[in-house]
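Student: Sharing a structure with you now.
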Amino acid sequence: MKLKTALLGAVASLAMASTAFAERGADGEVKLTFPQAVSIMNPYLSGGTKDIIASQFVVEPLAGLTPEGEIIPKLAAEIPTVENGGVSADMTSITWKLSPGLLWSDGTPVTAADAVFTYEYCTHPEGGCAQATKYEGVASVEAVDDATIKVTFDGPKPNPYTVFVGAQSPILQKAQFGACLGAAAPTCTDANNMPIGTGPFMVTGFTVNDTVSMAANPNFRDPAKPAFATATIKGGGDAEGSARAVMETGEFDYAWNTQIPPDSQAAMTAAGKGQFVVAFGTLVERLEMNMTDPSPDLPEGERSTLKHPHPILSDIKVRTALSKAIDRSILVEVGYGAGGQPTCNIIPAPEAWASDNPACLAQDMAGAMALLDEAGWTDTDGDGIRDKDGKKLSILYQTTVNPIRQDFQALIKDWWTELGVEVELKAIDPGVFFGGDAGSPDTFQKFYADVEMYANNSDNPDPETYLGQYQCKNVASPENQWQGEGINRFCDPVYDELHAKLSVTTDIAERQAIAKELNDMVTKNSMIVVPLVHRGTLSAHSNMLGGVDINAWDAELWNVADWFRVK
């Protein structure tokens, strides 16, 4: 971590931004369009990127990361280190100091008690927290005084910048969320949709899976920011429509997640109204293989749970065969062009952390067919579909509504059909799929399908927290209100032990080696995750919107307070 460089860079960027505007709210309204509509403004109750990105307009962590992956203060006065005494010499604790004078948008002071409460909120045994891995290894969070927060770990923590760092781990206001602990968390609709925050904006109106209306926070710590008086996030539609609304019609200022083909990007750019921006981090489009049975014949509460192993995909030969049949180079050509590259890893970057794992890159249809034969799946009745013990090799394959994803579905279905697999496709509204509603059958966490496709990424160059999602304790289930991060229900005590070793290993080379081994355990060694494409984060903004600095770490819109209208 280049801390000194990060801090100096942050000072410089703030100085430059301040010359662009000098009065809060002077630039009117900024309008954003999200093809995946926002479902909730509390990131602790959603694993959906669109909800996390929207919420960071309002709620903030103690620290964040720059596009270069360097850590910078948000609510903290400075970044604690061993050198300045903020991190203990034995790496078992980190002590944060709040910036003086911080206020919530309702005018009340931010205190260390709010941080203590946030820890209790996410770790409550009766609740389900979508960001639980951020708090792993924490023994206690203590308010030393109103401005001092001490986080003590249950052992040496080589990377102490997990708790309260990044958009997935913001501070919640204790006064607002105090009655929302445990099982009560999802019932606090007003707090979840309109949280009181410290960010540059505050929520003034919220319609689930539709629109978020915001106004400049009158108590934001920089009196000159934000430049915009209001911000509106309109959700729904599709990625192409969102992109056109910025690049061609000029109706919106920013379109998030414009996942459209390269030729469409070129045609829209020619209109001259805006530009596409891309950032590469660790975002990987992948297939998740359900290790449990999603059959609707099972009782509700038992579908897609560890009580019932998957009748087909529990066999590694089947999972591996499905991976071998895919031509990832064609997927990249069709979907991303220069904006993607084939990958076999869930941790494709930084390079020092990425496993040497090229085996899946070449399509191997003959090898795939041989594996299915070995597994006992053959076409006994000549209908072109393999069967075994009277059961057809049939798969429900779901993803979100998106032109590239539907292209991927069609291609992969063709390859799997060639193998003798019967494939049913399903496309779900992305606002619902990523919404985290425990009552919906169509969320990616509920996983009422055999295979599902989406993109996911680590928000930190050190992937310890991200790799923690595959531990047994994080399996999504009714017990955690389907908020667990273990989407495919993978559970292996050996993996858990190795991840525990990573959490206490201080040598960077050894940490990288362990991370690669963990990556391999869920990819090439088990194929419970089938990586497809390492892709950039692609969005679009108007030429009249200044200050945009897209971030593949932390949250894409990390510096929205610095945005301004180009005069």
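Student: How large, in percent, is the carbon and sulfur part of the accessible surface of the chain at a probe radius of 1.4 Å?
Tutor: 54
Student: If you don't mind, another one. Computed FRET efficiency, Cβ-Cβ of Ala26 and Val144, R0 41 Å: what is it to the nearest 0.05?
Tutor: Efficiency for this residue pair is about 0.55.
Student: How big is the dipole moment of the range 28-168 about its Cα centre under a simple scheme where the beta carbon of each Lys and Arg is +1, that of each Asp and Glu is -1, and everything else is neutral? Debye, nearest 20, please.
Tutor: The calculated dipole for the range 28-168 is roughly 300 debye.
Student: From the P(r) of the range 22-82, could you give the percentage of C-alpha pairs in the tail past 19 Å?
Tutor: Here the tail beyond 19 Å accounts for 52 percent of pairs.
Student: Another question about this same structure. Report the FRET efficiency, 1/(1 + (r/R0)^6), for Asp154 and Asp549, where r is their Cβ-Cβ distance and R0 is 45 Å, rounded to 0.05.
Tutor: 0.75
Student: Related question: Which order do you get for Leu557, Leu538 if you rank them by accessible area with a 1.4 Å probe, largest at the top?
Tutor: Greatest to least solvent exposure: Leu538, Leu557.
Student: Which percent, nearest 5, of DSSP beta bridges in the chain are antiparallel?
Tutor: Of those bridges, close to 75 percent are antiparallel.
Student: Ala229 to Glu300: extension gain in nm, 0.36 nm per residue of separation minus the Cα-Cα distance?
Tutor: Additional length available on full extension: 20.9 nm.
Student: Could you tell me which of Ala349, Ser264, His541 has its Cα farthest along the dipole of the chain towards the positive end, charges placed at Cβ (Lys, Arg +1; Asp, Glu -1), taken about the Cα centre?
Tutor: Sorting the options by dipole projection puts first His541.
Student: Give me the number: length gained by fully extending Ala271 to Ala352, i.e. 0.36 nm times residue separation minus the C-alpha to C-alpha distance, one decimal in nm.
Tutor: Full extension of this stretch gives 25.1 nm more.
Student: Sorted by accessible area with a 1.4 angstrom probe, largest first, how do Asp373, Asp520 fall?
Tutor: Asp373, Asp520
Student: Then there is this: Using the basic label-point model (7 angstrom from Cα toward the beta carbon), what is the Asp222 to Asp414 distance in nanometres?
Tutor: Inter-label distance under the simple model: 4.9 nm.
Student: Also: Can you tell me the length gained on complete extension of the stretch Ala77 to Ala427, counting 0.36 nm per residue apart and subtracting the Cα distance?
Tutor: Result for the pair: 121.4 nm of gain on full extension.
Student: Still on this model: Per residue, how much accessible area does the range 305-444 show when a 1.4 Å probe rolls over the protein heavy atoms, in square angstrom?
Tutor: Here the per-residue accessible area is 41 Å².
Student: Quick one: of Lys225/Lys501; Lys225/Lys446; Lys324/Lys391, which pairs are farther than 32 Å apart, Cα to Cα?
Tutor: Listed pairs above 32 Å: Lys225/Lys501; Lys225/Lys446.
Student: Sticking with this structure for a sec: Compute the Rg to Rh ratio over the range 354-450 from the alpha carbon atoms, using the Kirkwood formula for Rh, and round to two decimal places.
Tutor: 1.04
Student: OK, next. Using a 1.4 Å probe and ignoring any ligands, DNA or RNA, find the accessible area of His124 and quote it in Å² to the nearest 10.
Tutor: Its heavy atoms expose roughly 50 Å² to the probe.
Student: Write down the accessible area per residue of the range 454-498 in Å², having rolled a 1.4 Å probe over the full set of protein chains.
Tutor: Per-residue accessible area for the range 454-498 comes out at 30 Å².
Student: May I pose another question? How much FRET efficiency would the formula 1/(1 + (r/R0)^6) give for Ile508 and Ala183, where r is the Cβ-Cβ distance and R0 is 41 Å, rounded to 0.05?
Tutor: The formula returns an efficiency of 0.50 here.
The values are calculated or read from the model by the stated rules, or taken from the named source; none is laboratory data. All values reported here derive from a predicted model rather than from experimental measurement. Quick reminder, even Gly has a Cβ in these numbers, built from the backbone with ideal geometry, and neighbours come from all protein chains shown. The protein model used for the area step is the full one, side chains on, heavy atoms only, and it has no ligands, DNA or RNA in it. Shrake-Rupley method; radii C 1.70, N 1.55, O 1.52, S 1.80 Å.
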